[in-house]
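So the structure is just underneath, and the comments pick up after that.
The values are calculated or read from the model by the stated rules, or taken from the named source; none is laboratory data. From a predicted model like this one, the values you see are computed outputs, not experimental measurements. No Cβ is skipped: glycine too gets one built from the backbone with ideal geometry, and neighbour counts run over all protein chains shown.
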Amino acid sequence: MKYRNLGKSGLKISELSYGSWVTFSFQIDTSMAAEMMKIAYDGGVNFFDNAEAYANGKSEEIMGQALKKLAFPRDTYCLSSKVFWGGELPTQRGLSAKHIHDACNAALQRMQVDYLDLFFCHRPDPETPIEETVRAMHSLILQGKIIYWGTSEWSADQIEMAYNISEEKQLTPPTMEQPEYNIFNRSKMENEYLDLFKNRGLGTTIWSPLASGILSGKYKNGIPKGTRMNLDGYEFLKDRLNSDKGETMLKITNELEEVANSIGMPLVNLALGWCLQNKNVSTVILGASNSDQLKQNLRTVDYLEQFDDALTKKINDIIS
């Protein structure tokens with residue numbers, strides 16, 4: 001495992017990290033979570049991603065219980081949460097100063113830790129001034145409850161506004177953004193955020209590198225039982241797969257698998273390794289739901305040297 005700086009910060013996080021979205025609570029209980037996190041940790045992973053919205057807080061509880069059982073030294077790993085969807089009541093949602101503080105305190109309690117390394121605004125909130133959000137995050141940093149704060153799926157203009165407010169008001173600026181990034185979803189990372197990478201040193205913790213499993217090849221002959229596309233509440237993933245867009249994605253996936261097979265590389269490692277070729281990616285968040293998947297995903301580090309100009313061209317010819 002190699003480590004990259006989180007943007008221009010001094011924090012070094014593993015190129016591959018592990019997240020709990022969809023899997024914890026829905027597919028993984030506390031015992032399995034501890035097993036999976038140990039596999040990741042033993043493989044060099046030092047960043048575990050979570051959010052208040054994941055399983056309505058249950059995901060954070062499971063991760064906290066697993067961490068307590070594993071007893072990793074707190075200074076050897078990084079932990080995140082995200083704030084936006086905390087409940088149905090008006091004060092339980094969005095990016096108001098109240099909800100940001102409430103969500104942070106709740107995450108600390110659920111995960112049984114004294115501080116969060118990373119705290120993300122899970123989505124932009126058009127009903128809350130960005131200055132209020134920046135001030136709330138700055139306040140949490142001064143209290144020692146979080147170390148770095150960032151955004152998720154914000155536009156470049158919104159992130160730039162947060163930077164400008166931070167400079168003008170002498171507040172702590174965002175450090176990172178968490179966008180979706182994979183072979184099928186490239187616009188933000190490869191176009192919209194380029195000035196932020198160059199001028200602001202924005203870090204990124206990218207999610208869904210396998211496009212919710214499509215780039216693993218598991219869906220080429222239908223939707224297997226036990227996969228996330230069969231889970232209640234995630235019908236939108238199945239609808240996408242069964243659409244014209246999904247058909248195109250499966251066609252591209254099949255072509256990529258032929259390339260992967262021709263060089264003796266599993267498709268899943270080709271897709272994950274491709275993400276890491278982007279120098280603006282700080283870490284790729286894995287979302288494996290069983291130990292075999294996770295071990296295979298972690299083997300991506302063994303294939304990175306094969307990503308030469310010729311392989312990159314073959315991939316780009318297929319996806320462009």
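Values as computed for the structure displayed
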{"quantity": "Given (1) within 21 Å of the chain's Cα centre (by Cα); (2) in contact (Cβ under 8 Å) with a residue 24 or more places away in the chain; (3) within 25 Å of Trp21 (Cα to Cα), index of the condition Thr253 fails", "calculated": "(1)"}
{"quantity": "Candidates Leu196, Leu202 - the one that is crowded, with 16+ Cβ neighbours inside 10 Å, closer than 29 Å to Met249 by Cβ and in contact with a Pro (Cβ under 8 Å, 6 or more places away or on another chain)", "calculated": "Leu202"}
{"quantity": "Unmet requirement for His138, which otherwise passes all of (1) under 30 Å from Leu210 (Cα atoms); (2) surrounded by 17 or more Cβ atoms within 10 Å (Cβ to Cβ)", "calculated": "(1)"}
{"quantity": "Positions within the stretch 61-82 being within 25 Å of Arg4 (Cα to Cα) and either in contact with a strand residue (DSSP E or B) (Cβ under 6 Å, 6 or more places away or on another chain) or crowded, with 19+ Cβ neighbours inside 10 Å (or both), in sequence order", "calculated": "Met63, Leu67, Tyr77, Cys78, Leu79, Ser80, Ser81, Lys82"}
{"quantity": "Among residues of the stretch 146-172, those that are more than 30 Å from Gly273 (Cβ to Cβ) and either assigned to a strand (DSSP E or B) or in contact (Cβ under 8 Å) with a residue 24 or more places away in the chain (or both), counted", "calculated": "11"}
{"quantity": "All positions within the stretch 2-28 that are at pLDDT below 95 and charged (D, E, K, R)", "calculated": "none"}
{"quantity": "Single condition Leu118 does not satisfy, out of (1) of a type in the set (A, V, I, L, M); (2) farther than 25 Å from Val268 by Cα; (3) more than 17 Å from the chain's Cα centre (by Cα)", "calculated": "(3)"}
{"quantity": "Any chance Thr128 is touching a Ser or Thr at 6+ places or on another chain (Cβ under 9 Å), without any contact (Cβ under 8 Å) to a residue 60 or more places away in the chain and part of a loop (DSSP other than H, G, I, E, B)", "calculated": "yes"}
{"quantity": "Any hit, the stretch 279-290, residues being closer than 22 Å to Thr23 by Cα and surrounded by fewer than 20 Cβ atoms within 10 Å (Cβ to Cβ)", "calculated": "yes"}
{"quantity": "Of the criteria (1) in contact with a strand residue (DSSP E or B) (Cβ under 9 Å, 6 or more places away or on another chain); (2) farther than 19 Å from Lys8 by Cα; (3) acidic (Asp, Glu), which one Asp232 fails", "calculated": "(1)"}
{"quantity": "Long-range neighbours under 7 Å by Cβ, at least six apart or interchain, first residue at pLDDT below 95 within the stretch 296-310, second of a type in the set (S, T, N, Q) and assigned to a helix (DSSP H, G or I)", "calculated": "none"}
{"quantity": "From Ala34, Ala103, residue being free of Cβ contacts under 8 Å to residues at least 60 places away in the same chain, surrounded by 22 or more Cβ atoms within 10 Å (Cβ to Cβ) and over 18 Å from the mean Cα position of the chain (by Cα)", "calculated": "Ala103"}
{"quantity": "Verdict on Phe72 being of a type outside the set (A, V, I, L, M), in contact (Cβ under 8 Å) with a residue 24 or more places away in the chain and within 16 Å of Glu132 (Cα to Cα)", "calculated": "no"}
{"quantity": "Within the stretch 84-100, considering residues that are among the hydrophobic types (A, V, I, L, M, F, W, C) and either in a strand (DSSP E or B) or within 22 Å of the chain's Cα centre (by Cα) (or both), the one surrounded by the fewest Cβ atoms within 10 Å (Cβ to Cβ)", "calculated": "Trp85"}
{"quantity": "Sole residue being at pLDDT below 95 and of a type in the set (S, T, N, Q), chosen from Thr283, Thr227, Thr253", "calculated": "Thr227"}
{"quantity": "Test for Tyr77: is it within 19 Å of the chain's Cα centre (by Cα), farther than 30 Å from Asn230 by Cβ and among the aromatic types (Phe, Trp, Tyr)", "calculated": "yes"}
{"quantity": "Output for the stretch 38-55, where each listed residue is surrounded by fewer than 24 Cβ atoms within 10 Å (Cβ to Cβ), part of a helix (DSSP H, G or I) and either in contact (Cβ under 8 Å) with a residue 12 or more places away in the chain or among the β-branched types (Val, Ile, Thr) (or both)", "calculated": "Lys38, Ile39, Tyr41, Ala55"}
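Okay, residues lined up against (1) of a type in the set (A, V, I, L, M, F, W, C); (2) more than 30 Å from Arg135 (Cα to Cα); (3) at pLDDT 90 or above:
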{"residue": "Glu168", "(1), (2), (3)": "no, no, yes"}
{"residue": "Leu210", "(1), (2), (3)": "yes, yes, yes"}
{"residue": "Gly233", "(1), (2), (3)": "no, yes, no"}
{"residue": "Met249", "(1), (2), (3)": "yes, yes, yes"}
